[in-house]
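Enquirer: The structure is given below, and queries will be raised subsequently.
Values quoted throughout were computed directly from the atomic coordinates according to the rules given, and no laboratory measurement underlies them. Just so we're clear, the structure is a prediction, and the values are computed from it rather than from any experiment. Here the Cβ positions follow ideal geometry from the backbone for every residue, glycine too, while neighbour counts run over all protein chains shown.
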Amino acid sequence: MNILKFQSEEDFAQTGANLIASLLQSNPKAVLGLATGSSPVGVYARLVDMHKKGLVSFTKASSYNLDEYVGLPAGHPQSYRSFMNEHLFNHIDIDLSRTHVPDGNASDLSAECAAYDRMLEENGPVDLQILGIGSNGHIGFNEPDASLSSGTHVVDLLEGTREANARFFDNLEDVPRQAVTMGIGGILKAKQIVLLVRGEEKAEAIRDAIEGPITTQCPASLLQSHPNVVVLLDEGAGKWLK
């Protein structure tokens, strides 16, 4: 596990963008695993800038997002499809038909989860998976539990997770109670994982994930078992690491 700590938000974001751009320059057909949330926003903004300057192209790339809320149409402003369109897809040359986000509004969610896993199996593995981390150690929406699911599945969101995401909605009651998420097994199949972590509120989670025991009570700790993980931290997130 390669851990890099940054004092500058600019350096944090540019380093993450450079990792993705370098992959696409060497492998234009790369399969990208993408995440939402506040931590990757700066990285996506730098990628858009690099694309506009002619430094990186996404024309042959494909992408698979980690998760999506259950019950929100794709066009809902707080859906993760809308997030990706706003922060990345609408500003680069990627073919939207090659961008994939789980359909949390599907009539048969079990079938949707199975279909998503089949796509990943047929078109993967993911070459580079972007991850964030929740304050309780979740990755994707894989919440702490006695056991974790390997494949894509529907998860009941913990109240702490819903409260953390309530800032994006008018009130807590508007935050969906379920999500579709790639499972831990699917995430760990990626050839390389880049974990982006910003903010002091994530310091305990990242300490447990990197220096604590591997346990399903901190899903991110399972990243210790992966052979190629890069962790990008700001000063606040990394303040409790030894």
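Enquirer: Using every alpha carbon pair in the range 37-181, what percent of pairs falls into each 5 Å bin from 0 up to the bin containing the largest distance?
Expert: Result returned by the calculation: 2, 9, 17, 22, 21, 16, 9, 4, 1, 0.
Enquirer: In addition: If you take every DSSP beta bridge whose two residues both sit in the chain, what share of them, in percent to the nearest 5, is antiparallel?
Expert: Within the chain, antiparallel bridges account for around 30 percent of the total.
Enquirer: Relative to the compact globular guide of 2.2 N^0.38 Å, what is the alpha carbon radius of gyration of the chain, as a ratio?
Expert: Normalised by 2.2 N^0.38 Å, the Cα Rg of the chain equals 0.94.
Enquirer: Taking the chain as a Gaussian network, Cα atoms linked when under 10 Å apart, which of Asp103, Asp145, Asp174 shows the biggest mean-square fluctuation?
Expert: Asp174
Enquirer: Once the other residues with Cβ under 12 Å from the Cβ of Gly137 are scored (Lys, Arg +1; Asp, Glu -1), what is the net sum?
Expert: -2
Enquirer: Count charges around Val126 for me, please; just the other residues with Cβ under 15 Å from its Cβ, Lys/Arg as +1, Asp/Glu as -1.
Expert: 0
Enquirer: Given a 10 angstrom Cα cut-off, can you work out which residue in Glu173, Glu86, Glu204 is the most mobile in a GNM of the chain?
Expert: So, out of Glu173, Glu86, Glu204, the one fluctuating most is Glu173.
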